[in-house]
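Working notes for the structure below.
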Amino acid sequence: KVKLKSPPIRDKANKELVELIAKEFGVKRSSVEIASGRASKNKLIKIKTYMSTTQRLKAGS
């Protein structure tokens with residue numbers, strides 16, 4: 001779960017979420033996409049990267 005400070009008005013919370021995910025995974029904001037659930041609390045996030053998520057998680061440990 002992720003708790004955001006921005007309100008869900010005019011896509012502010014979604015933008016904050018994208019920034020948070022990008023920072024956490026060390027990728028550009030343009031590499032993070034909300035694949036589904038833009039208007040929902042439950043979202044599917046897509047991260048475009050040349051390194052697999054598993055490799056990235058192991059590298060961060």
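Values as computed for the structure displayed
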| quantity | calculated |
| --- | --- |
| Listed residues LEU20, ILE47, GLY60: farthest to the positive end of the dipole of the chain (Cβ charges) | LEU20 |
| For the chain, convex hull of alpha carbons as volume per residue, Å³ | 91 Å³ |
| GNM top mover of GLU16, GLU24, GLU33 - the chain, alpha-carbon springs below 10 Å | GLU24 |
| Karplus 3J(HN,Hα) series, Hz, for segment 18-34 with 6.51 cos²θ - 1.76 cosθ + 1.60 (x for Gly, Pro) | 4, 4, 5, 5, 4, 5, 4, 9, x, 10, 6, 4, 5, 8, 9, 9, 7 |
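A short reminder: the numbers here are calculations on the coordinates, not readings from a lab. Keep in mind that this is a model prediction, so the values were computed, not measured. Neighbour counts are summed over all protein chains in view; Cβ atoms, including those assigned to glycine, are modelled from backbone coordinates with ideal geometry.
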